Amino acid sequence: MALWGISTTSETAANNYAIPKHLSENDRNNSPWNCFADVRGWVYRRYGTSEYSGLSSSYYDEVLVPVAGLNTTPTGGEIGGTGIGTAGPIAVFFEDPNRSSRISVGGGATSGISTNNTVYAHVVFNELVFAGAGATMRIRTFDANDANESTSIVAYASSAGVSTQFAWSSTAAQHGSPDVFVNYNGQITNRVSFAFTSPSTLLTTNVNFLTTGITTVVAIGGTNIFVDSVSGVSVGSSLTVSGKLTNVPVVSIGDTFVRIGTANTIGTTIVAGTATTFSTFTRATKLSIDLTRGFIGVITDGSNGVGVISSFSSQFGDVILRNVGGAGTTGSVGIGTTTITTFA
């Protein structure tokens, strides 16, 4: 039964976070992020819409394998106990705004969102949890160069928006019907959704795209600058020559030179061989899920009502941040971070 993740109580990347090991994160049809433990055993939740990376109030649960006590903590230190212990986060990702991509690594290609839009970040657990409305997580903001961090944004878990929610959360439910929760102010799920509004005002910076060299000495007051390459340069690009010019606008382009505005008088002659950088003035804010903070608020384990592991770091590490929702990119704003960019 090792493939079903019940041979150990370890919840680490090496152990696939104790979720079934044969559910691959690259499988676009059966995502491990929709599989969780409750009193019935390992359960796969199949949502009733095609909005794969979003959530739906319409779903049915498929019991993959019945395991008694799977979502409990073994007592007495018994060897071979099947309980996986306290519920822990196994993935964190931005929901794809298009909601059409499968939940898989690299699924979808949405990299940006517009200003003043509602955005969702999902925290996935390996067990059913009760998430009270008002739990929060922190979203960090950076410019397009992954620098100059600005004011962070707070994302809030909301109520599910339905009057009645069901959960197999007690031993009695295991042998009968699910427990019924009327007007529960929160979400009963393994995938908790946190909502926030994308920034209305964007951060600005110059993003470098080409570094080349000066080919000809430029006289004081000259406006034509001859360079080795003008690849990708367009009117409106910015030019920087170390110690001479900083982010001056390009007003026209030749085959071997660019022309800068007459107001940008060069105070010192630029010699051949000097490195020159071209950049693009960019209005954009990159959003990054804050690993160091985890989440704050009342989220409890579905088996006995105790709290869950709320940290995104500790034994889970950066790898729980995945590009599994098809939204954002990885490898930006710190190794392993999932980011999504806000554009005008």
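The values are calculated or read from the model by the stated rules, or taken from the named source; none is laboratory data. In this text the structure is predicted, and so the values were computed from the model without any measurement. Cβ placement follows ideal geometry from the backbone for every residue including glycine, while neighbour counts extend to all protein chains displayed.
Hey, any hits in the range 134-144 for a residue that's buried (at least 16 other Cβ atoms within 10 Å of the Cβ), under 30 Å from SER242 (Cβ atoms) and among the acidic types (Asp, Glu)? Looking through the range 134-144, at least one residue is buried (at least 16 other Cβ atoms within 10 Å of the Cβ), under 30 Å from SER242 (Cβ atoms) and among the acidic types (Asp, Glu). Of the residues making up the range 148-201, those that are part of a loop (DSSP other than H, G, I, E, B) and either in contact with a His (Cβ under 9 Å, 6 or more places away or on another chain) or closer than 18 Å to ILE289 by Cβ (or both) are GLU149, SER158, SER198, PRO199. Within the range 240-261, being in contact with a Gly (Cβ under 9 Å, 6 or more places away or on another chain) and more than 14 Å from PHE278 (Cβ to Cβ) holds for one residue alone: LYS244. Within the range 137-147, the set of residues being in contact with a strand residue (DSSP E or B) (Cβ under 6 Å, 6 or more places away or on another chain) and in a loop (DSSP other than H, G, I, E, B) comprises ASP143, ALA144, ASN145. Once the range 249-283 is narrowed to residues that are among the aliphatic types (A, V, I, L, M) and within 42 Å of the chain's Cα centre (by Cα), the residue that is farthest from GLY236 (Cα to Cα) is ALA275.
For the range 288-318, the tally of residues that are modelled with pLDDT of 85 or more and closer than 30 Å to LEU210 by Cβ stands at 0. Only residues that are assigned to a loop (DSSP other than H, G, I, E, B) and at pLDDT 90 or above: list them for the range 235-255, please. Selection gives VAL235, GLY236, SER237, LYS244, GLY254, ASP255.
Answer yes or no as to whether ALA133 is in contact with a Gly (Cβ under 8 Å, 6 or more places away or on another chain), modelled with pLDDT of 90 or more and either of a type in the set (A, V, I, L, M) or more than 23 Å from ASP290 (Cβ to Cβ) (or both). Considered against the rule, which asks whether it is in contact with a Gly (Cβ under 8 Å, 6 or more places away or on another chain), modelled with pLDDT of 90 or more and either of a type in the set (A, V, I, L, M) or more than 23 Å from ASP290 (Cβ to Cβ) (or both), ALA133 comes out as yes.
Can you find even one residue in the range 207-224 that is surrounded by fewer than 13 Cβ atoms within 10 Å (Cβ to Cβ), within 35 Å of the chain's Cα centre (by Cα) and among the hydrophobic types (A, V, I, L, M, F, W, C)? No: the range 207-224 contains no residue that is surrounded by fewer than 13 Cβ atoms within 10 Å (Cβ to Cβ), within 35 Å of the chain's Cα centre (by Cα) and among the hydrophobic types (A, V, I, L, M, F, W, C). Checking each residue in the range 249-305 for being in contact (Cβ under 8 Å) with a residue 60 or more places away in the chain and hydroxyl-bearing (Ser, Thr, Tyr) picks out THR274, THR276, THR277, SER279, THR280, THR282, THR285, SER288, THR300, SER303. Selection of the range 187-199 for residues being in contact (Cβ under 8 Å) with a residue 60 or more places away in the chain and either in the same structural domain as VAL233 (by TED's automatic domain parsing) or surrounded by 13 or more Cβ atoms within 10 Å (Cβ to Cβ) (or both) yields ILE188, THR189, ASN190, ARG191, VAL192, SER193, PHE194, ALA195, PHE196, SER198, PRO199.
Only one of the listed residues (ILE266, ILE260, ILE253) is buried (at least 19 other Cβ atoms within 10 Å of the Cβ), aliphatic (A, V, I, L, M) and not assigned by TED's automatic domain parsing to the domain that holds ALA144. That residue is ILE260.
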